[in-house]
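Here is the structure we will look at.
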Amino acid sequence: MADQQAAGSGGQVLVCENVSRWFGGLQALKRIDVAINQGEIFGLVGPNGSGKTTLVNAITGFYPPQEGIIRFYDSTLNGLKPYKVAMQGIARTFQNVALFKGMSVLDNILLGRHIFMRPSALASLFYWWWAQKEEIAHREKAEEIIDLLQLESVRDEPVDVIPLGMQKRVELARALCAEPKFLVLDEPMAGMNQEEKEYMVRFILDAQEALGLTVLLIEHHMDVVTAICDRVVVLNNGEKIAEGPAREAINDPAVVAAYIGKSHDAA
């Protein structure tokens, strides 16, 4: 995306400053500071319940922070509804597959174009040629993403009959179809075997390079994190306990202590 809006100072795309979030008496995030730079794959890791998904939900508008500021380029995201955040150029996948069962792979991917669709019954009635032209353009974009992620063989299949690894790829395709500047991947390898993980890593890297994406990756598999992430932030009990290059952050003594008695894959 050569014509993307210029990043803020220091090439920063997304900045979280002193972000805090409570659920009743539980403080899920405690004054979190994060800055993600243009074009990098940024990892977010930590034990279960550490606040990773809560931070992503704060960024994407599902659970806005009660304290602190989240900035995306020159815009403040605080208070924006999720669809408004999406319109800023942020797309995400979900930890649990959130596809529409009974619909085809193509139709699920086309749903990623919803932020560009301006439905109007009057326009469709009197200017059918305009509505048809718009639909063709959306389908062309979906086909580009299908080619990029090599989904041609299942494009017309019902999404609920294809393997989990392929379903995860369809969810990635739907997010990419929204033409994001910033892509949030919430555990994209969850439930995959080793071969499926390797495929997904390749497609994430291909998409980042082809589309010029900045990526925020939540992932439990530390081999994936160390292989593709430029930098990592580690959370524990809602606090940031380490930050830096992936291998250095994961080997930080505070991070090792947070994982005592747990395997990395249970992180």
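Residues that are surrounded by 22 or more Cβ atoms within 10 Å (Cβ to Cβ), assigned to a loop (DSSP other than H, G, I, E, B), modelled with pLDDT under 95 and touching a helix residue (DSSP H, G or I) at 6+ places or on another chain (Cβ under 7 Å) occur at least once in the range 34-51. Would you check if there is a residue in the range 174-193 being farther than 21 Å from Arg92 by Cβ and part of a helix (DSSP H, G or I)? The answer is no, given that none of the residues of the range 174-193 is farther than 21 Å from Arg92 by Cβ and part of a helix (DSSP H, G or I).
Among the residues of the range 69-88, some residue qualifies, meaning at least one is buried (at least 20 other Cβ atoms within 10 Å of the Cβ) and either small (Gly, Ala, Ser) or within 21 Å of Ala190 (Cβ to Cβ) (or both).
The values are calculated or read from the model by the stated rules, or taken from the named source; none is laboratory data. Keep in mind that this is a model prediction, so the values were computed, not measured. Positions of Cβ are backbone-derived with ideal geometry, glycine not excepted, and every protein chain shown enters the neighbour counts.
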